[in-house]
1. Eigenvalues of the Cα gyration tensor times 5, then square-rooted: what semi-axes does that give for the protein assembly as shown, in whole angstrom, largest first?
2. Quick one: if you stick a label point 7 Å off each Cα along the C-beta vector at C:Gln195 and B:Asp25, how many nm between them?
3. With a 1.4 Å probe and every protein chain kept in, tell me what percent of the accessible surface of chain B is carbon plus sulfur.
4. Given a cut-off of 27 Å, name the pairs among C:Lys129/C:Lys171; A:Lys119/A:Lys171; B:Lys84/C:Lys68; A:Lys39/A:Lys171; A:Lys70/C:Lys171 whose C-alpha atoms lie farther apart than that in the structure shown.
5. Quick check for you: with a 1.4 Å probe and neighbouring chains kept, what is the accessible area per residue of chain A, in Å²?
6. Among B:Phe139, B:Gly127, B:Val113, whose Cα lies farthest out toward the positive end of the dipole of segment B:97-180, if unit charges sit on the beta carbon of Lys, Arg (+1) and Asp, Glu (-1)?
7. About the Cα centre of segment C:1-117, how large is the charge dipole given +1 on each Lys and Arg Cβ and -1 on each Asp and Glu Cβ? Please answer in debye to the nearest 20.
8. What are the DSSP H helices in chain B that stretch 15 Å or more along their long axis, judged by alpha-carbon atoms, and whose average Kyte-Doolittle hydropathy comes to at least -1.0?
Amino acid sequence: MDLKFLASDRVEALVSHLMHQKAVYAPQRMGRHSVALDKVTNPAAVVLDYSRTMQSVKKYFQPPRDELLKFDLTDQSFAAATVEPLDAVLLGIHSYDRAAIDRLDYNFSQGQPEKNYLKRREGVIWVGVSYEPDEFHFSGSVGIGPLETEGFDVFLSRVGGGYQVETVTEKGGEILAGFDLPQAEQGKPSPGHFHQHIFLPQARLNEVMAASYSSPVWEETAQKCVGCGSCNIVCPTCYCFNVEENVDIKVTGGTRERIWDGCMLREFTEVAGGEVFRGGLAERQRHRVLRKFKYLSDRTGHPWCVGCGRCTAYCTAGISIVSIVNRCVSDFEKHPTTAV
Amino acid sequence: MKLNELIQPQEPRDLYLPTMATLRDIKPLNALETLYTVELPGGADLGHQPGQFVEVSLFGVGEAPFSISSSPTRKGTFELGIRKVGLLTEKLAALKPGDKLGIRGPFGHGIDVERFKGKDVLVVAGGIGLVPMRSLINFVLDRRDDFGRLIICYGSRSDEELLFTEEREAWKKDPGVDFHVTVDRGSPAWAGRTGVITTLIPGLELELGKTVCCVCGPPVMYRFVLLALKSRGLSDESIYMSLERRMKCGVGKCGHCQINHSYVCQDGPVYHYPDLKSLEEAL
Amino acid sequence: MAAKPRVAIFDFTGCEGCELNQLNFENQLLDMLGHVDIVEWREAMDDRPGEYDIAFVEGSLSTPDCIKRINEIRRRAKVLVAVGACAVQGGINSMKNTRPIEEVREEVYGKDKYLFPTLPALPLSSVVKVDVNVRGCPMTQIEFLKVFTALVMGKQPVEPTSAVCVECKLKENECVYERGMICLGPVTRGGCDAQCPSVGQYCTGCRGLVPEPNLKAMEDILVTHGLSVNEAWKRLHLYNSHELEGLKS
């Protein structure tokens, strides 16, 4: 494998090199402690050493507000929204977020393939970066290590004084062409040490989660939960949405938009007439967790949780998805027959 | 297998753009319900199965799912029975023949009528559950020779809320239809039967093994009807149920209609009862 | 199109800030006026005719006279819109509801208290049927415009019910709790685009409690973050005393 070395003080130069070819989106400082993905205008603002962004790259392919069509009320005509490929370099992406996009790709391509998402997905060059797991990451437990290069075109692994640069695909080689880098001489990058673990391998989790249906853990979690929906809104594999009409003040036209929605919110299952099909927070918590660890994995063999730790890190009430799953595991080991 | 290997490459499509259809007729069914007759451009065939639904939208107001009430045997237009309960339905009620409305669909898994052929068909419909079931009823009536007996159990909260008066009269008179109706609370003018829908089931003449049953009604009804049907000896395999959920996108993306792992807009709204047993949230 | 809807605007106990906000629609005011006839608005004009299609009402009900007037407005209006925290949930005025009414009366009016009959400050909905709520202190222009266009189209506006947290997460705001401050966002209705947390403030709960609030869990959040539950509850009472008093009983 051909490995190059990118010294920390040349990161800026690399960003400039990429910006000459395509728009670049990368993590940048936002607020006092946080980092968010944004379009790069100043190469020096790019931050490659960070723990997580509140929103993942999902926001570029399924924007929080996404116009579906424009309508004209005067003649009841409409036009489809113009959807353009992102056609950009996504730089400094962690492996779990790349894995989340694989999952969304599946959701938006299987059954009825959706143009809005799939069109935006085109033309992306993925440049990944390794990370040091913090107190919330548990990607290792779902099989996605910090050095996982799957899905990336170029991957940067942190080593002393800079990054080891691996060209993963031909596309990756093309985007780096003309940017001279020396051979990497350093040793192997650190594979990272996780502080959070799910106690059971994914292959066995389906069985455990199936048996967890009537577990007291859902009611106990509900006691602590305010139902604010933050866990849905920050999740990189949540893709549920609602549709809204916006009418201009002249009342001559407007737009139909889809907006992010979440299964933790009360109205999510409410139908006209007032019936709410998942009324309690316990049922909603159960649905949220089983969607990540059972429903979609039954179908695909892959967990729909990528271990980014966002739902836990950004939960004001401190509800930990790892604790919920581990509680299900330990209950199962004590009483493996409580399956419904 | 890797996730991207599970994806079968297909051309992405615009899933959320409606076809602009024309409202041809509006007929009140009772104080709350209205029957809308809709025509696609050029009188195109909707191509639906009984039990399927469409997404109806009005620009600036919104979009919502409605079950198709007409039988696929009757071409040219299709019918939607709609209760006034929300934003969109209020505005729909104000439309006039000739007005435009957006249609997407048909969506979902309806009634596989092929599997009903040669069988006695038992329909159990509560309240507006009769709206989609009417599609099946008229299908059977239009293809009379393909099916055995047609047995209809229809329950409503009150006689004022009963739907499809003329058609009900015709079913009552039709010697090929075994029609039963009951209301929870009858008005002084009500001369028919009073009691919940389950009270109709014990008295039915059923030929077990030859009967298939389709149930549709308010959420609270299913468990009780199921018990009544099973106590008559109907097998799980002979029972189908049409479930209501919040079908927003109709194409298995938006997540609102999910019952455990199942998307009602894809696997339902009509489920074969044995498949529902693994869905704890269903009934 | 039929005749333009007749609109009336009324105020009860409040600061009239919401109404001032309605006058501040410099860019949209003319468009708005194109759709409706404003037949009654004390803040901007002074003539008073009969019936209204839409009545926008600001302020809470705090005297026997208020009750009479709101009943009269309800009788004359097809659609009644409560505008702002005072009208929707009682607002700041309802803080007085946490104390014996006589004590409050005496404190404000002293020996003349008998000249000023007073009631606990009530949201409009506790006396008459309210068709639409425009929440917030003050109500936001964006939301008012949405409600306004919906009503002009003759449809029921959608009222946001999820917590402020949703909007903070969409904007990638650093959580106020991470900044060591009390924030009422987790139990407060959003729809405000998380205005206050977005500019370094905390959520004051002005849009009212979310439906079915889990206040016990909210208390745990405060405790885990080492913040004062008493202080938070005091702040929650600023706009929500009426509802909190109701939850108590």
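The values are calculated or read from the model by the stated rules, or taken from the named source; none is laboratory data. The structure presented is a predicted model; accordingly, all values stated were derived computationally and were not measured. Glycine gets a Cβ as well: all are built from the backbone with ideal geometry, and neighbour counts include every protein chain shown. Keep in mind that these areas ignore ligands, DNA and RNA; they rest on the heavy atoms of the full protein, side chains included. Shrake-Rupley method; radii C 1.70, N 1.55, O 1.52, S 1.80 Å.
1. On the way: eigenvalues 415, 327, 154 Å².
Sorted largest first and rounded, they come to 46, 40, 28 Å.
2. 5.2 nm
3. Whole-percent figure for carbon plus sulfur exposure: 51.
4. C:Lys129/C:Lys171; B:Lys84/C:Lys68
5. Per residue, chain A has an accessible area of 38 Å².
6. Selected residue: B:Val113.
7. 500 debye
8. Working: long enough: B:130-142 (17 Å, 1.16); B:221-231 (16 Å, 1.05).
Span-like helices in chain B: B:130-142, B:221-231.
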